[in-house]
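Participant: This is the structure I have questions about; it appears just below.
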Amino acid sequence: MIKTLDLTGSCLLLLLLILPVYSYGQVGQPNKYGLKIISTPAEYIQSVQADSNNLLIDLEKYIPGIKLDIRYATANNFMHEQLYKLPKAFVRLPVAKALKNIQVELAKEGLGLKIYDGYRPYHVTVYFYDKLQDSVFLAVPWRGSRHNRGSTVDLTLISLKTGKELKMPTEYDKISAKADVSYTKLSPRVLRNRNKLLKIMNKHGFEVYKPEWWHFDFKDFAQYDLMDLTFEDILANQPD
Ligand SMILES: [Zn+2]
């Protein structure tokens, strides 16, 4: 279309004025559901430059001794297939800071965190839904998951001494009424463990998703954009 324009001086000037606006308009164009999704490294870098809280932090590097068990980087998950190429957990900077404080506090009683999942690319959320069509345990593509915003973590507690998980109401990602935090037909030990997790997460700004005892959203999650960058792209675009 530009080729057909007669680029006289005034027209060229007009184009120069319009082009930056036009280019900016391309950033985070709504997808078919009308969602704005950060899906290129350039868009991600731009968002971090605008607000350093948007930085996605590699939890393994940021929190000494934190344990990861990234099930979606293996076939040991409810989909029975590997969804991530790398066993990594990323969250936004304020979320990482809060988790670091939790890890320090837990260490005083010989406990630590084990992370099952953090930031999840949007296309993985869409894939889950396309396969299973569930809207209680799975986020719907027209809203996206809070995991896609880098504001959410799936985790549990471990003993620092043994590395073993504290006993919780269910396994991770178990689709069951027992996974709901209102479920109480549990042993005193399991109730105590679940309450300990809920209490410390809540104290540091996280709210549990009630049907899943392991899933916690950080406050102000809505301020972070949905993202669809792979872990490889995030690692390749980390500041020094
Ligand atoms: Zn989750």
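The values are calculated or read from the model by the stated rules, or taken from the named source; none is laboratory data. Because the structure is predicted, anything quoted here is derived from the model rather than measured. Here the Cβ is made from the backbone with ideal geometry for all residues, glycine too, and neighbour counts use every protein chain on show. With ligands, DNA and RNA removed, areas are computed over all heavy atoms of the protein, side chains included. Shrake-Rupley method; radii C 1.70, N 1.55, O 1.52, S 1.80 Å.
Participant: With the requirement that a residue be away from the ligand (no atom under 15 Å from the Cβ) and open to solvent by less than 50 Å² (accessible area, probe 1.4 Å), what does segment 226-240 give you?
Facilitator: Residues satisfying the conditions are MET227, ASP228, LEU229, THR230, PHE231, ILE234, ASN237.
Participant: Among the residues of segment 52-89, write down those that are under 14 Å from the mean Cα position of the chain (by Cα), assigned to a strand (DSSP E or B) and touching a residue at least 60 places away in the same chain (Cβ under 8 Å).
Facilitator: Matches in segment 52-89: LEU56, ASP58.
Participant: Within segment 195-216, can you find the residues that are open to solvent by less than 50 Å² (accessible area, probe 1.4 Å), more than 16 Å from the ligand (Cβ to nearest atom) and touching a strand residue (DSSP E or B) at 6+ places or on another chain (Cβ under 7 Å)? Walk me through how you get there before you give the answer.
Facilitator: The initial filter retains those residues of segment 195-216 that are open to solvent by less than 50 Å² (accessible area, probe 1.4 Å), namely 197-198, 200-201, 204-206, 208, 211-216.
Now restrict to residues that are more than 16 Å from the ligand (Cβ to nearest atom): 200, 204-205.
The one that is open to solvent by less than 50 Å² (accessible area, probe 1.4 Å), more than 16 Å from the ligand (Cβ to nearest atom) and touching a strand residue (DSSP E or B) at 6+ places or on another chain (Cβ under 7 Å): GLY205.
Participant: Give me the pairs: first residue in segment 160-177 and under 24 Å from SER135 (Cβ atoms), second residue small (Gly, Ala, Ser) and modelled with pLDDT under 95, beta-carbon distance under 8 Å, and six or more apart or on different chains, which are they?
Facilitator: THR170/SER176
Participant: Which of the residues belonging to segment 174-190 are part of a helix (DSSP H, G or I) and either farther than 18 Å from ASN77 by Cα or open to solvent by 60 Å² or more (accessible area, probe 1.4 Å) (or both)?
Facilitator: ALA177, LYS178, PRO188, ARG189, VAL190
Participant: If you don't mind, there's one more thing I want to ask. Do you know which of the residues in segment 123-137 that are more than 11 Å from the ligand (Cβ to nearest atom) and in contact (Cβ under 8 Å) with a residue 60 or more places away in the chain is surrounded by the most Cβ atoms within 10 Å (Cβ to Cβ)?
Facilitator: Filtering segment 123-137 for residues that are more than 11 Å from the ligand (Cβ to nearest atom) and in contact (Cβ under 8 Å) with a residue 60 or more places away in the chain, the one surrounded by the most Cβ atoms within 10 Å (Cβ to Cβ) comes out as HIS123.
Participant: Would you check which residues across segment 107-122 are open to solvent by 10 Å² or more (accessible area, probe 1.4 Å), of a type outside the set (Phe, Trp, Tyr) and not in a loop (DSSP other than H, G, I, E, B) and list them?
Facilitator: Answer for segment 107-122, where residues must be open to solvent by 10 Å² or more (accessible area, probe 1.4 Å), of a type outside the set (Phe, Trp, Tyr) and not in a loop (DSSP other than H, G, I, E, B): ALA107, LEU111, LYS114.
Participant: Between residues in segment 138-149 that are free of Cβ contacts under 8 Å to residues at least 24 places away in the same chain and residues that are assigned to a helix (DSSP H, G or I) and within 13 Å of the ligand (Cβ to nearest atom), which pairs lie under 9 Å by C-beta distance while being six or more apart or on different chains?
Facilitator: These pairs meet every condition: LEU138/THR125; LEU138/PHE128; ALA139/THR125; ALA139/PHE128; ALA139/ARG146; ALA139/HIS147; ALA139/ASN148; VAL140/THR125.
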